[in-house]
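Heads up, the thing below is written out as structure tokens.
The values are calculated or read from the model by the stated rules, or taken from the named source; none is laboratory data. Everything quoted here is computed from the prediction, not taken from an experiment. Cβ placement follows ideal geometry from the backbone for every residue including glycine, while neighbour counts extend to all protein chains displayed. Each accessible area value is taken on the protein alone, full model and side chains, heavy atoms only, with ligands, DNA and RNA left out. Shrake-Rupley method; radii C 1.70, N 1.55, O 1.52, S 1.80 Å.
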Amino acid sequence: MQSLRKIYRIGRGPSSSHTMGPERAVLILKERFKDADCFKVTLYGSLALTGKGHGTDRVIEETFAPVPCEVVFDTVTPCDIHPNTMKVEAYKGKKLLGEKRVFSVGGGAIRFEGEPKKASDEVYPLNTYTEIADYCKAHNMRLWQYVSLCEDADIFSYLADVWARMKHTIHEGLIVSGKLPGILGTERRAQKLFNQRHMDESAQTRENRLVCSYAFATSEQNAAGGTVVTAPTCGSCGVVPSVLQYMQETRGFSDEQIVRALAVGGLIGNLIKQNASISGAECGCQAEIGSSCSMAAAALAELFEMGLEQIEYAAEVAMEHHLGLTCDPIAGLVQIPCIERNAVAAMRAINAVSLANFLSDTRKISFDVIVKTMLNTGKDLDIGYRETSVSGLAKFYELPVASQQNDKPNGEEN
């Protein structure tokens, strides 16, 4: 498995697959074809079907600038290898200098067709939870210590930067109001959730309100194109930071403890990425929100110093009850139902940890089995429910006529 740096990426929203991945591909290919005086990028699959809403074309054009680039949306040609496929052609005059197919595989990661993974990128020798847990038991260590053993010396410094960015994004999201960009006119609601105390607020209601406000704040910043941390994707970036922020505020956990929890959560996300997928276009929203919920549950279990069996149970429960979750963003925007889902998953992560505290010795399903099940379930989902915006909510929600006529990303004027 690769470094946790590949799970926690600091970058610009709204989509790790549709903006961060293509942006990274463009930067690499722009360097490879320095003599090119123009480029053509053809988007296929989910990149083509939801690229306008995600702002994929805008990011590609801005990143290639000042070199001109034509972006073509091909919604017909099938994607045989990965649903997030793009072809980049480099020209000098009318002469084709070269072309490359790129797959945006989730969480901002990309893969070039025909180019194998670098061996140096693989830093974890074990690839299942069972293997890692057995190793930790044999060497009397916790999961975060296993991360420390496999990663370089700077990993916890990097995770400290990740945590600082997560907190700052929450802060940014709580101090702004108004509408998010895009044709839906979605209102920002984080500030309202944070400030509007219930008239008869119990401790449980307060927990729900604050955790959800932090999830909304992060997800709304992502939807607005702000800087977020993939955990493991942009679309699911609000789950992990919201629960950790709340627990630090109410339980007094130190930044060092939070960083260790992030290491454990990242390890869980890494296992899902390695053995299944974190791409909504490949396996539906279960691969994004389900994965983030598992990461958050495992991180919380580490904060409370639970054992290996309890951490596994928390992560497994969190994923199991997201199985089959579809990815059907309205108008291709990472807003509805994406933002609310981050808040719901954050609360489910807390519930999963509570169950793990009592019931881990009764569990029947391993984390490795649930990851394999998620992949199989995702492959069985109809393509319309895998980030194509042609089924589910995206199909039945009726956009205003004026909005349907506006095909510019983020509601820009013609």
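Quick look at the values:
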quantity: Reciprocal of mean inverse Cα separation for segment 258-383 (Kirkwood radius, Å); calculated: 14.3
quantity: Centroid-to-centroid separation of segment 233-280 and segment 349-371 [C-alpha atoms, Å]; calculated: 17
quantity: Rel. contact order, % - alpha carbon contacts under 8 angstrom, at least six apart, the chain; calculated: 20
quantity: Positive dipole terminus of the chain, leading residue within Pro329, Ser292, Gly265 (C-beta point charges); calculated: Pro329
quantity: Approximate shape of segment 121-199 as ellipsoid semi-axes (Cα gyration tensor, √5λ), whole Å, largest first; calculated: 41, 16, 14
quantity: Segment 1-127, accessible surface, carbon-and-sulfur percent (1.4 angstrom probe); calculated: 52
quantity: Accessible carbon and sulfur surface of segment 128-205 relative to its total accessible area, %, 1.4 Å; calculated: 50
quantity: Under Karplus coefficients 6.51, -1.76 and 1.60, residue-wise ³J(HN,Hα) of segment 285-298 in Hz, glycine/proline x; calculated: 5, 4, 6, 9, 5, x, 5, 5, 5, 4, 4, 5, 5, 5
quantity: Computed Rg/Rh of segment 179-240, alpha carbon atoms with Kirkwood Rh; calculated: 1.04
quantity: Å² per residue, accessible surface of segment 227-328 at 1.4 Å; calculated: 21
quantity: Label-reachable residues, segment 126-147, where backbone N falls under 14 Å from a point 7 Å from Glu309's Cα toward its Cβ; calculated: 134, 137
quantity: Normalised alpha carbon radius of gyration of segment 250-310 [divisor 2.2 N^0.38 Å]; calculated: 1.21
quantity: Heavy-atom SASA rank of Tyr129, Tyr385 (probe 1.4 Å, accessible area, largest first); calculated: Tyr385, Tyr129
quantity: Nearby lysines by direct alpha-carbon distance to Lys92 (threshold 27 angstrom, same-chain neighbours under 8 apart not counted); calculated: Lys30, Lys34, Lys40, Lys100
quantity: Alpha-carbon radius of gyration plus Dmax, which is the widest Cα pair, for the chain in Å; calculated: 20.9, 71
quantity: Of every Cα-Cα pair in segment 17-105, the percent that sits beyond 15 Å; calculated: 52
quantity: Anchor Lys395: lysines whose Cα lies under 24 Å away (excluding residues fewer than 8 positions away in-chain); calculated: Lys52, Lys179, Lys379, Lys408
quantity: No Cys partner within the rule (Cβ under 4.7 Å), the chain; calculated: Cys38, Cys69, Cys79, Cys136, Cys150, Cys212, Cys234, Cys237, Cys283, Cys293, Cys338
